[in-house]
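Each reported figure results from applying straightforward, stated rules to the coordinates on display, with no laboratory input. Here the structure is a predicted model, which is why all the values come from computation and not from measurement. Here the Cβ is made from the backbone with ideal geometry for all residues, glycine too, and neighbour counts use every protein chain on show.
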């Protein structure tokens, strides 16, 4: 009986790792894989973005939700978009455990998400995808909206503010 339980546990673990790997590969081709950022970088990103209570924040590729949870503590309404179902489940469970009201996680391809009602977009994408995202941002986001990037930055768009590897852009 113990061998059966052990084999079943191994099979479940293998299936979860396979799902995670497959969606990691998909995410790489879509724009970015899951790379957790430090809490210090999250704080710097939200400071430079000047989060205010009532802001509507969208984190593209929200991973474990740490940007969302930190922004919600500052009074923002937050939406996380993540393609990996295991990361969605994980961050949704964390949101419940943390009592993070105002945080929702959606399992979607972020290229299909409307940006029209967003006050702050946070993103960590590889440079080749930032050109595509810039076109989407400029066509969908309202004037005055903000976009905060970490590590990689829009190649032909001057940031309004920067702090080391974090840049803030304002939609014209």
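Contour minus end-to-end for residue 35 and residue 4, with contour as 0.36 nm per residue of separation and end-to-end as the Cα-Cα distance? Don't skip to the answer; put the middle values down first.
Details: separation 31, 0.36 × 31 = 11.16 nm, distance 3.51 nm.
Contour length minus Cα-Cα distance gives 7.6 nm.
Treating the angle as unsigned and between 0 and 90°, give the value, to the nearest 10°, between the Cα long axis of helix 127-140 and the longest Cα principal axis of the chain.
Roughly 60 degrees, rounded to the nearest 10.
Tell me, in nm to one decimal, what length is gained between residue 101 and residue 163 on full extension, where the rule is 0.36 nm per residue of separation less the Cα-Cα distance? Could the numbers behind the result be given before it?
Values: separation 62, 0.36 × 62 = 22.32 nm, distance 2.91 nm.
Stretched fully, the residue 101-residue 163 segment lengthens by 19.4 nm.
Specify the angular offset, from 0 to 90 degrees and rounded to the nearest 10, of the alpha carbon long axis of helix 85-98 from the longest principal axis of the alpha carbons in the chain.
Value to nearest ten degrees: 80.
For the modelled label position 7 Å from the Cα of residue 131 along Cα-to-Cβ, which residues of segment 139-172 have backbone nitrogen atoms closer than 20 Å?
139-140, 149-159
So what's the back-of-envelope 222 nm ellipticity for the chain, counting only DSSP H runs of four-plus at -39500 (n - 2.57) apiece and dividing by all residues, rounded to 500?
Details: 5 runs with 75 residues, N = 172.
After summing the helix terms and dividing by the residues of the chain, the value is -14500 deg cm²/dmol.
Relative contact order of the chain: what whole-number percent is it, with Cα pairs under 8 angstrom and at least 6 residues apart? Could you put the intermediate results ahead of the total?
Working: 286 pairs, mean separation 34.2, N = 172.
Over the chain, the number comes to 20 percent.
Please work out the C-alpha center-to-center distance from segment 64-86 to segment 97-172 and express it in whole Å.
13 Å
How far, in nm, would the chain grow between residue 140 and residue 90 when pulled straight, counting 0.36 nm per residue and subtracting the alpha carbon separation? All intermediate terms of the calculation are to be shown ahead of the outcome.
Working: separation 50, 0.36 × 50 = 18.00 nm, distance 2.95 nm.
Extra length from residue 140 to residue 90 when fully extended: 15.1 nm.
Compare 17, 86, 138 in a GNM of the chain, Cα atoms joined below 10 Å, and give the one with the largest fluctuation.
Its mean-square fluctuation being the largest, the pick is 17.
With semi-axes √(5λ) of the Cα gyration tensor in Å defined as stated, name the option among (i) 31, 18, 14; (ii) 22, 21, 15; (iii) 27, 22, 13 computed from the structure displayed.
(i)
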